[in-house]
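Trainee: Take a look at the following structure, please.
Values in this text are rule-based calculations from the coordinates and carry no lab data. As the structure is a prediction and not an experimental result, all values here were calculated from the model. Please note: Cβ atoms are built from the backbone with ideal geometry, for glycine as well, and neighbour counts cover all protein chains shown.
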Amino acid sequence: MQLATWNVNSLKVRLPQVLAWLAENPVDVLCLQELKLEQDKFPLAEVEAAGYRAAWLGQKTYNGVAILVKAERSLDDVVTGIPGYDDVQSRVIAATVDGVRVVCAYFVNGEAVDSPKYTYKLEWLAALEGYVERELERHAAFALLGDYNIAPEDIDVYDADAWQGKVLCSAPERAAFGRLLALGLADAFRLFNREEKQYSWWDYRAMMFRRNLGLRIDHILVSDALREHAVACVIDKLPRKWERPSDHTPVVLTLSAAAFAQDQ
DNA sequence: ATGCCGAAGATACTTCGA
């Protein structure tokens with residue numbers, strides 16, 4: 001059983017890559033961010049033809065999130081946005097897949113620590129924390145996947161000194177990440193890999209990917225009930241090497257079959 | 001020190017990303 005997350009930076013542009021990746025990596029759940037599509041522009045026919053069902057929350061030009069699920073699995077109780085938090089930006093969608101509660105989120109970037117967008121980021125993070133806390137009370141099997149726009153530790157940053165205190169690395173953002181962990185979640189990737197230079201995003205400019213100068217900002221956080229079933233979590237760098245790639249690459253969590261209620 | 005690249009909307013150049 002596999003769950004994955006990928007910020008595709010325009011699903012219109014990246015749809016062929018998503019379909020190609022799914023053909024090679026037929027994960028049970030794929031969370032996508034930055035669709036950059038209006039709600040009625042989602043390529044449902046192509047997704048269904050690939051053997052997946054989908055729930056999505058679109059928006060013109062910016063943001064947009066989706067959960068793709070293998071057609072043979074359930075996709076129930078879809079909730080869009082953060083309940084109780086008014087937000088015109090399409091950043092969050094949740095669904096239950098065979099007993100596992102999946103939240104797909106595109107966290108606010110923040111631009112810079114002195115930007116109004118950073119203030120919005122911290123407000124949004126506080127709202128998300130409350131939402132996750134409530135979801136964990138209702139769902140033992142829970143996963144929060146997405147583009148967090150937070151590098152949790154210095155080892156997740158190619159030049160920690162240069163990024164010290166900057167947006168994506170600032171103490172308040174890392175504290176918010178820590179509070180998500182304190183709710184009872186684990187950073188799935190770090191259960192298996194404590195190495196440095198493990199990144200999920202590389203700037204398009206200055207050949208940053210070729211030089212492996214990136215950040216680890218795409219994450220899969222799992223509840224204890226799922227953590228028990230985690231057997232691997234990897235960053236798949238291959239799509240970042242393709243022609244016209246997203247600047248992010250997929251993160252994939254593998255769980256033993258018992259993680260899904262249907263398979264027990 | 002700042003831009004580098006890329007997508008989108010618009011259709012010359014700006015906004016936004018991270």
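Trainee: Nearest 5 is fine: what % of DSSP beta bridges in the range A:97-254 come out antiparallel, could you say? All intermediate terms of the calculation are to be shown ahead of the outcome.
Mentor: Values: 16 of 22 bridges.
Restricted to the range A:97-254, the bridges split so that about 75 percent are antiparallel.
Trainee: Now a separate question. Which value, in debye to the nearest 20, gives the size of the charge dipole of chain A about its Cα centre, when Lys and Arg are +1 and Asp and Glu are -1 at the Cβ?
Mentor: For this selection, approximately 640 debye.
Trainee: Based on a Kirkwood Rh over C-alpha pairs, give the Stokes-Einstein translational diffusion coefficient of the range A:153-225 at 25 °C and viscosity 0.890 mPa s in µm²/s.
Mentor: Numbers: Rh = 13.2 Å.
This corresponds to a translational diffusion coefficient of 186 µm²/s.
Trainee: On to the next question. Can you tell me the relative contact order of the range A:216-264? Whole percent, Cα pairs under 8 Å, sequence separation 6 or more.
Mentor: On the way: 52 pairs, mean separation 19.1, N = 49.
Value for the range A:216-264: 39 percent.
Trainee: Related question: Please compute the contact order of chain A in relative form: average sequence separation of alpha-carbon pairs under 8 Å and at least six residues apart, divided by the residue count, as a percent.
Mentor: Numbers: 599 pairs, mean separation 51.4, N = 264.
Computed over chain A, the figure is 19 percent.
Trainee: Applying 1/(1 + (r/R0)^6) with R0 = 51 Å to the Cβ-Cβ distance of A:Lys197 and A:Asp77, what FRET efficiency is obtained, to the nearest 0.05?
Mentor: Working: r = 39 Å, r/R0 = 0.76.
Working from the Cβ atoms, E equals 0.85.
Trainee: Over 10 Å intervals from 0, what percent of Cα-Cα pairs in chain A sits in each interval?
Mentor: The percentages, shortest bin first, are 7, 33, 40, 19, 2.
Trainee: From a point 7 Å beyond the Cα of A:Lys41 in the direction of its Cβ, which residues of the range A:75-117 have a backbone N at a distance under 19 Å?
Mentor: Taking a point 7 Å out along Cα→Cβ of A:Lys41, the residues of the range A:75-117 whose backbone N falls under 19 Å are A:88-92, A:106.
Trainee: Taking Cβ-Cβ under 4.7 Å as the only way to count a partner, pick out the unpartnered cysteines of chain A.
Mentor: Result for chain A is A:Cys169, A:Cys233, no neighbouring Cys Cβ within the cutoff.
Trainee: Would you give the gap between the C-alpha center of the range A:9-34 and the C-alpha center of the range A:167-239, rounded to a whole Å?
Mentor: So the two Cα centres are separated by 19 Å.
Trainee: May I pose another question? Quickly rank A:158-165, A:215-222, A:122-129 as a protection proxy: mean count of other C-beta atoms within 10 Å, highest first. Intermediate values should be presented prior to the final figure.
Mentor: On the way: A:158-165: 12.0, A:215-222: 25.1, A:122-129: 18.2.
Ranked by mean Cβ neighbours within 10 Å, highest first: A:215-222, A:122-129, A:158-165.
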